[in-house]
Amino acid sequence: MQSNILSIKARLNQLFHVKREMTWVAAGQMLSFLGAFAGIKVLTTVMQPEGYGQLALGMTIAGLLNMFLYGPIGQVVGRFFSVCREKNELRVYFFILKKAHIACGLILLVFICLTAILTNVLAGGKWALLVIMASLFGVVSGINVSFLSLQGAIRQRKVVALHQGIDAWLRPALAIAALYLFSNNVYFALSGYILGTLMITLSQWVFALKNAAVKEHWNGTSPGKKVVRANVQEFYAYANPFILWAGIVAVSMYADRWIIQGLFGAEEVGVYVAIYQIANAPIALLFGMINQFILPIIFEHVAACHESKTVPEKPMLSK
C-alpha cells in the first residue's frame, strides 16, 4: 500500500515537472512570436518596404551561416550533452565544441573579408557592407544557438524561454533605436540586431556557467588526443547529414527572395517577406514548441538507455 502511494506521488510529481516545463516552453515561444510580429510592424513602417527588403536579404546570409555551420554545431550540442554526461566526458564535449567555434570564427573571418572584397568589385560598396554586417550577425546568432541548445539539453526551460523572448524584442528595439539615432539604412538596423543578440549570448553564457555540471567541466584540462578524435568522429557523423542537406533547405527557404530581388527589386522583397513571415508564424510557433519540448527529453532518454544497455519501460520525462 505504501509503495503504491509513493508511486502515485512520484507520478504526480513527474506530471507537475512536465507541465511546468511545457508552460515555460510555450511562454518563450509566445514571447518570440509576439516580438516577431511587433518587429515586422515597426521595422516595415520605419524602414519602408525597400529597407526591410534589404534587411531580409541580409538575413539570408546569416541564415546560410546557421544552416551550414552553426546549425549542425547546435544540433551536436543538444544531442550529445546527455550522452557525454552519462559517459563522464563533458570535459571532452566542451573542449571540442569550443575548438569548433574558434575554428569556425577564424575561417569565417577570412571568408567574410574575401567575400566583401569580391562583392565590392562586382556589386559595389553598399552590398559589400551588407555582407559584412549580415555575416557578423550570423556569427553572433550562431554562437547564441549553441547556448540555447545547451540550455535546452540541461532542461533549463525558464532560462531558454526568457532569453528567447527577450531576444525577439531586444533585436528590433535596438535596430529601431539605431535607425533613429544614426541613419535610416539597413547597416544600422543590422548593428542593432548584432548588439541585441550579443547581449543575449553573453547572458546565456553567464547562466550556463551557473549550472554545476557545466561549470565543473567548462575549463577542464585538455583531454587526450585519442578520446578527442573518437568524439570528433562521432559528432561529425551526426552533424554531417545536416550539412549535406543544408543546400536544399537553403534553396527552399531563401531562393525566392533573391529571385524577386533580381526581377523586381528590394521593395517587392520587403512586401513579400513581411507577408510570408506573418503567414508562416503560426506553423513555426507550433513546431518550435514541439521540438524544443520533446528533443531534450528524447536525447536524455536515449543517453540513459545507451549507458545502461537496457530499454526503460517508460520515457524519462523529468529528472
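Inspect all residues belonging to region 115-133 and state whether any of them is hydrophobic (A, V, I, L, M, F, W, C), under 16 Å from the mean Cα position of the chain (by Cα), part of a helix (DSSP H, G or I) and crowded, with 20+ Cβ neighbours inside 10 Å. Scanning region 115-133, I find no residue that is hydrophobic (A, V, I, L, M, F, W, C), under 16 Å from the mean Cα position of the chain (by Cα), part of a helix (DSSP H, G or I) and crowded, with 20+ Cβ neighbours inside 10 Å, so the answer is no. Of the helices (runs of 4 or more DSSP H) lying entirely inside region 208-319, those containing at least 3 residues that are surrounded by 15 or more Cβ atoms within 10 Å (Cβ to Cβ) and modelled with pLDDT under 80 are 266-308.
Let's see how each residue does on (1) free of Cβ contacts under 8 Å to residues at least 12 places away in the same chain; (2) under 30 Å from M22 (Cβ atoms); (3) surrounded by fewer than 24 Cβ atoms within 10 Å (Cβ to Cβ):
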{"position": "V160", "(1), (2), (3)": "no, yes, no"}
{"position": "A173", "(1), (2), (3)": "no, yes, yes"}
{"position": "N185", "(1), (2), (3)": "no, no, yes"}
{"position": "S191", "(1), (2), (3)": "no, no, yes"}
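Looking at I96, I102, I73, just one residue is part of a helix (DSSP H, G or I), without any contact (Cβ under 8 Å) to a residue 12 or more places away in the chain, among the hydrophobic types (A, V, I, L, M, F, W, C) and within 24 Å of K215 (Cβ to Cβ), and that residue is I102.
The values are calculated or read from the model by the stated rules, or taken from the named source; none is laboratory data. A quick note: this is a predicted structure, and the numbers were derived from the prediction, not measured. For neighbour counting, all protein chains shown are included, and Cβ atoms are generated from backbone atoms with ideal geometry for every residue, glycine included.
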